[in-house]
Structures are given as structure tokens and as C-alpha cells.
Amino acid sequence: MPYRSVFEIIGPVMIGPSSSHTAGAVRLGQLARRIFGMAPQEITVRFFGSFAQTYRGHATDVAVVGGLMDFETDDPRIRDSLQHARELGIAVTFIPEAEPPQHPNTLTMELASGDSTLRVTGVSLGGGAVRLTELEGFPLNLTGESPAILVLHLDVPGVVAAVTARLARNEINISRMDLSRRERGKVALMVIETDQPIPREVEQDLMETQHVLRVTLLQG
């Protein structure tokens with residue numbers, strides 16, 4: 001992948017030992033936590049590829065749990081994140097998978113709290129950079145580097161136009177947009193990256209759009 005600066009090669013300020021296996025795992029956990037919107041009470045992490053082989057030795061296990069607890073990559077509490085989780089009553093399970101992944105540094109996080117659940121898959125690209133590749137079965141291409149809006153909606157005509165019109169009225173400029181669906185005419189996922197952070201009142205405005213089921217903001 002192309003790097004924009006030497007810091008992407010060295011990695012972010014972080015708790016080590018590895019920018020890809022540790023800092024990247026923290027970032028994946030953070031993104032999943034922010035999409036989930038709350039602290040999970042149950043965490044299951046499935047490791048694939050090199051993650052499955054080295055997750056204990058490279059601290060990927062404590063890193064992803066630290067991210068799911070919304071710790072930053074340089075937070076010293078990451079080292080003891082499993083203990084912090086136990087103290088909060090969070091059940092944590094790690095499962096190394098034998099299935100070969102498309103990317104060697106792949107993990108799937110399954111979160112639960114009450115009736116709310118989330119399943120999200122992501123990869124660590126190196127230097128602390130990450131990409132979410134699947135959300136609840138929807139293909140995804142989300143790095144978390146830019147503000148983004150995730151809109152779950154019915155797959156019917158007019159929804160995309162209505163959502164983008166509301167963003168235009170709020171002077172939110174779209175930098176990138178992806179659409180995905182699991183089955184025609186059922187439920188679809190719209191992922192919109194923007195040039196500026198999205199105010200909370202825009203989230204409420206989008207929720208009032210006909211056929212929109214859920215709106216999630218990621219502020220980058």
C-alpha cells in the first residue's frame with residue numbers, strides 16, 4: 001500500500017510491540033466500539049491468519065479488548081485490559097480460526113450488550129492503519145480516518161437521494177460513498193465519508209428520512 005509519511009511506516013505512538021498486531025488491533029476495537037455505541041458486556045474475538053498464530057505473543061488479544069474499551073493506542077491500561085474487562089463484568093472469549101483469510105491480519109469481533117449485538121470484521125494493514133471489511137454481513141471499506149455516516153435502510157428507490165439531499169441542506173460535503181446489500185429489496189447499508197465532522201442534529205435529521213432504520217456517526 002502507498003504510504004503518505006514516514007510515520008505510517010514507523011507506526012503511531014503506541015503500546016507495543018507491533019504497529020500491525022497491537023496498534024492496529026486497538027484501532028479495530030475502537031471502531032467496533034464506536035459503531036456499537038456502548039460498552040459491550042460480551043466480547044468474542046475470532047483471529048485469522050497471522051493473528052491466530054501470534055495473538056498472545058504480539059499482545060493482539062489485550063490490544064483489541066483495550067480498543068473495545070475505547071482506550072487509545074498509547075494508553076498504558078491496554079497491558080491490563082483483560083483485567084479491566086473482568087472487573088467490569090465483561091466476558092471475553094478468543095477463538096483462533098484455521099480458515100485462511102484474504103488478509104493475514106484479520107479478526108472478527110462479536111459484541112453483545114442486552115438485546116444489542118454487532119458482528120464486524122477488519123484487517124490491520126501495517127503502521128497502525130486498519131480497514132473494516134464487513135459489518136453484519138454487509139461488505140465494507142472503512143478506515144475510520146475520515147468522518148463517516150453509516151445508514152442502514154430499506155432497499156427501496158429514493159432513499160439515497162433523500163439522504164444526500166438532507167446532507168446538502170446541512171452543508172455536509174460527501175468525499176466518498178459506498179452502497180451494499182445482502183439481498184435485493186431487503187435491507188441495505190450506505191456508508192458516506194465526509195469532509196467535515198457531522199453534527200448530532202444531522203444524525204437526527206437523517207433518522208427522520210423515510211425508510212431509514214438506523215444512523216451511526218463516526219467522527220474520524
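The values are calculated or read from the model by the stated rules, or taken from the named source; none is laboratory data. Quantities reported herein were computed from a predicted structural model and do not represent experimental measurements. FYI the Cβ positions are ideal-geometry reconstructions off the backbone, even for glycines, and counts take in every protein chain you see.
Considering only the stretch 43-84, how many residues are among the acidic types (Asp, Glu) and either closer than 27 Å to Pro100 by Cβ or surrounded by 15 or more Cβ atoms within 10 Å (Cβ to Cβ) (or both)?
Qualifying residue count, the stretch 43-84: 3.
Looking only at the stretch 124-140, count every residue that is more than 18 Å from Leu217 (Cβ to Cβ) and either surrounded by fewer than 16 Cβ atoms within 10 Å (Cβ to Cβ) or touching a strand residue (DSSP E or B) at 6+ places or on another chain (Cβ under 9 Å) (or both) and tell me the total.
Within the stretch 124-140, residues that are more than 18 Å from Leu217 (Cβ to Cβ) and either surrounded by fewer than 16 Cβ atoms within 10 Å (Cβ to Cβ) or touching a strand residue (DSSP E or B) at 6+ places or on another chain (Cβ under 9 Å) (or both) number 9.
Before we move on, is Val160 touching a strand residue (DSSP E or B) at 6+ places or on another chain (Cβ under 9 Å), buried (at least 20 other Cβ atoms within 10 Å of the Cβ) and not polar (S, T, N, Q)?
No; evaluated as a whole, the condition is false for this residue.
Suppose we filter Leu218, Leu167 for residues that are within 23 Å of Thr117 (Cα to Cα) and aliphatic (A, V, I, L, M); which single one remains?
After ruling out the rest, the residue left standing is Leu218.
Would you please name the residue that is modelled with the lowest pLDDT, looking only at residues in the stretch 168-220 that are in a loop (DSSP other than H, G, I, E, B), basic (Lys, Arg) and out of contact with any Gly (no Cβ under 7 Å at 6 or more places or on another chain)?
Arg184
From the list Leu118, Leu167, Leu154, which one is touching a residue at least 12 places away in the same chain (Cβ under 8 Å) and touching a His at 6+ places or on another chain (Cβ under 8 Å)?
Leu154
Determine whether Met190 is among the hydrophobic types (A, V, I, L, M, F, W, C) and either closer than 18 Å to Arg33 by Cα or surrounded by 20 or more Cβ atoms within 10 Å (Cβ to Cβ) (or both).
yes
Taking Asp195 as meeting all but one of (1) within 21 Å of Leu28 (Cα to Cα); (2) touching a Ser or Thr at 6+ places or on another chain (Cβ under 6 Å); (3) of a type in the set (D, E, K, R), write down the number of the exception.
(1)
Tell me which strands (runs of 3 or more DSSP E) are completely within the stretch 65-128 and hold 2 or more residues being over 12 Å from Ile43 (Cα atoms), or say none if there are none.
Result: 105-113, 116-126.
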